[in-house]
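The values are calculated or read from the model by the stated rules, or taken from the named source; none is laboratory data. Remember, predicted model here, so these are calculated numbers, not experimental data. Note that we place each Cβ from the backbone using ideal geometry, even for glycine, and neighbour counts take in every protein chain shown.
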Amino acid sequence: MVVVAGCVALVAVSLALRTTAIGEGLWIDEGLSAGIAGHPLGELPGLLRRDGSPLLFYVLLDGWMQVFGDGEEALRALSLVAALATIPAALWAGWSLFGARAGAVAAVLAATNAFLTAYAQEARMYALVVLLSLLAAAAFLHAFAARRRAYAIPFAVVLALLLHTHNWGLFLAAGSLAALGFLAIRARDRRALATDAALAYGIAALLYAPWIPTLAFQVAHTGAPWSSTPGPEKLADAVLVPLGGGLAGAAALALALLGAARGKRAATRPPAGGEATRAAEALLLMSIVAVVLAWVVSQAEPNWANRYFAVVVGPLLLAAAAGAARLGVPGVVAAAVLALVWATDTGRVQHGNARALAGAVAADERTLVVSAQPEQLAVLRHYMGAGPRYASALGPAADPTVMDWSDATARLRAARPVPTVARTLAAGQAPDRVVLVRPVIANPRNWRAPWTRLVRTRAAQWTAALDAHPRLRRTRTAAAPATGGADLWAVEWRVRAP
């Protein structure tokens, strides 16, 4: 009863921490989430083929929106539920693997983790990724470190769900295979271990197989053209950022390392068939292999963003809890201080000002809204509604609620501004005014990737082309308060009578 009460109290505290920004305006990716999930369920696989993401989150969001609507709080509540569910999941995982003390610490860390707090308030899949990564790591350890063979199939199912939620789940799967090899070296029942592993990974592969053709198309045609190639210094980010970054991240990592350190003191409840340190070592190994492999792959095809590190949050939290439990009272105190630092972290993700800008622009059915940054179109459509006509630097938009990322850089490079402007203005009913929405480029160093560099160029070229158009007269500039996120501003032209 005490355990249940404590878990409920942690959920209540976490709820308070993770709703402070839940009503802020949506940003680019959240607009895309709402736009994609707003389509009929049968259309989602085809839409996501050109978006670059797996299916599961959007299926869940589709059903969620039908019940709760598409307001900011409603959209983000799905992520909030996933984040809150991580608390009892962490309690179970830590307790069942490393003992009661580790379970309590894991629940506290899950309730306050700053990374999870940020993405609990975003209508994206990252909070769900954290939950699934934690469950996958725990089931893996039960099945292959503690040798509780009944967990092999649950591990397979959760791993498949993770793969269907985010493509970086593939890197964690690879990390788990490395950890499996590490455990197999020291296992006494290697043949049985190999049999269980073949069953588990075979089932996971079978459940994921229907999506592989889509993944192959995405790898060849979508990718992440807005991402830059990560340098060696980014490897540290991949471990520290999920743990709060800076000194907090370093402290959490130190706890995780202590959990894997060999010594005389064992955890309260070591897994059957081996030391608890072996399980903690496996957690760290799967996390490190996952991020290093992601970094290596991103050297050939950039696909790197801090939010993708959600895939290692679960195993790293478990490793930190194991380390705190191993240290006894000093470890619990250190974990409590870390949780307090995370809980008071005010550096939450700033979403963007699209909502406020939409109010300032007040677009109607006689307005042509053009987004210089094509992927912003979905969030503009979310706030400006179905009345205006929509286009982007790629040209007229048949469906402004989605973004087609297939060969997007090549298509934007080919969409020369002057002829694209002419084609866009000629499409459909002639507007009374044209509004060009441009990204706020506060730090040009963040706009050096192939896609973002081209967006900067096209934004300036479209402005010049509209200024030079004989039937357009620039009337005003519209802005909205900056958030420090994906902010926008707009330029308006009136259409002269022929």
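In the stretch 115-165, the qualifying residues are those that are closer than 21 Å to Ala319 by Cα and of a type in the set (S, T, N, Q), and the one that is surrounded by the fewest Cβ atoms within 10 Å (Cβ to Cβ) is Thr117.
Set side by side, the residues Ala110, Ala90, Ala106, Ala85 differ, and just one is surrounded by fewer than 24 Cβ atoms within 10 Å (Cβ to Cβ) and assigned by TED's automatic domain parsing to the domain that holds Thr277, which is Ala85.
Going by the structure shown, is Ala398 in contact with a Phe, Trp or Tyr (Cβ under 7 Å, 6 or more places away or on another chain) and small (Gly, Ala, Ser)? It is false that Ala398 is in contact with a Phe, Trp or Tyr (Cβ under 7 Å, 6 or more places away or on another chain) and small (Gly, Ala, Ser).
Once the stretch 454-470 is narrowed to residues that are closer than 19 Å to Asp432 by Cα and in contact with a strand residue (DSSP E or B) (Cβ under 9 Å, 6 or more places away or on another chain), the residue that is surrounded by the fewest Cβ atoms within 10 Å (Cβ to Cβ) is Asp467.
What number of residues in the stretch 443-462 are touching a residue at least 40 places away in the same chain (Cβ under 8 Å) and over 23 Å from the mean Cα position of the chain (by Cα)? Working first, answer last.
Looking only at the stretch 443-462, we keep the residues that are touching a residue at least 40 places away in the same chain (Cβ under 8 Å), and these are 448-452, 454-455, 458-459, 461-462.
Of the ones still in play, those that are also over 23 Å from the mean Cα position of the chain (by Cα) are 454, 458-459, 461-462.
Looking only at that region, the number is 5.
Restricting the stretch 395-442 to residues that are of a type in the set (Gly, Ala, Ser) and closer than 25 Å to Gly359 by Cβ, which is nearest to the chain's Cα centre (by Cα)? So, considering only residues that are of a type in the set (Gly, Ala, Ser) and closer than 25 Å to Gly359 by Cβ, the one nearest to the chain's Cα centre (by Cα) is Ala442.
Quick one: which residue in Gly6, Gly63 is modelled with pLDDT under 95 and assigned to a helix (DSSP H, G or I)?
Working: Gly63 fails: modelled with pLDDT under 95.
After ruling out the rest, the residue left standing is Gly6.
Among the residues making up the stretch 473-498, those that are part of a loop (DSSP other than H, G, I, E, B) and more than 12 Å from Ala442 (Cβ to Cβ) are Ala479, Ala480, Pro481, Arg496, Ala497, Pro498. Residues of the stretch 202-223 that are aliphatic (A, V, I, L, M) and more than 18 Å from Gly46 (Cα to Cα): Ile203, Ala204, Ala205, Leu206, Leu207. Annotation note: of Leu32, Leu10, Leu44, the sole residue that is more than 19 Å from Ala339 (Cα to Cα), in the same structural domain as Glu73 (by TED's automatic domain parsing) and either over 20 Å from the mean Cα position of the chain (by Cα) or without any contact (Cβ under 8 Å) to a residue 24 or more places away in the chain (or both) is Leu44.
Inside the stretch 426-472, can you point out the residues that are part of a helix (DSSP H, G or I), of a type in the set (Lys, Arg) and modelled with pLDDT of 90 or more?
Filtering the stretch 426-472 down to residues part of a helix (DSSP H, G or I) leaves 426, 444-446, 450-468.
Retained after the next criterion (residues that are of a type in the set (Lys, Arg)): 445, 453, 456, 458.
Residues satisfying the conditions are Arg453, Arg456, Arg458.
Taking the numbered list (1) buried (at least 23 other Cβ atoms within 10 Å of the Cβ); (2) out of contact with any strand residue (DSSP E or B) (no Cβ under 7 Å at 6 or more places or on another chain) in turn, Ala356 passes all entries but (1).
Each row is one residue, and each column tells you yes or no for (1) in a helix (DSSP H, G or I); (2) out of contact with any strand residue (DSSP E or B) (no Cβ under 9 Å at 6 or more places or on another chain).
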site	(1), (2)
Asn303	no, yes
Pro315	yes, yes
Ala391	no, no
Arg413	yes, yes
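Residues that are hydrophobic (A, V, I, L, M, F, W, C) and closer than 14 Å to Asp399 by Cβ within the stretch 13-43 comprise Leu32, Ala34, Ile36, Ala37, listed in sequence order. Could you tell me whether the stretch 60-78 includes any residue that is β-branched (Val, Ile, Thr) and either outside the structural domain of Leu207 (by TED's automatic domain parsing) or more than 28 Å from Ala372 (Cα to Cα) (or both)? Yes.
Within the stretch 222-238, the set of residues being in contact with a Phe, Trp or Tyr (Cβ under 8 Å, 6 or more places away or on another chain) and either not assigned by TED's automatic domain parsing to the domain that holds Thr117 or not in a loop (DSSP other than H, G, I, E, B) (or both) comprises Lys234, Leu235, Asp237, Ala238. Only one of the numbered conditions (1) at pLDDT 95 or above; (2) within 25 Å of Ala220 (Cα to Cα) is not met by Ala398, and that is (1). Annotation: of all residues in the stretch 89-115 being under 20 Å from the mean Cα position of the chain (by Cα) and not hydrophobic (A, V, I, L, M, F, W, C), the one that is farthest from Val129 (Cα to Cα) is Thr112.
Criterion applied to Ala398, Ala336, Ala386, Ala324 was being part of a helix (DSSP H, G or I) and surrounded by fewer than 19 Cβ atoms within 10 Å (Cβ to Cβ), and the one residue passing it is Ala336. Against the conditions (1) of a type outside the set (A, V, I, L, M); (2) closer than 20 Å to Arg496 by Cα; (3) in contact with a helix residue (DSSP H, G or I) (Cβ under 7 Å, 6 or more places away or on another chain), Thr401 satisfies every one except (2).
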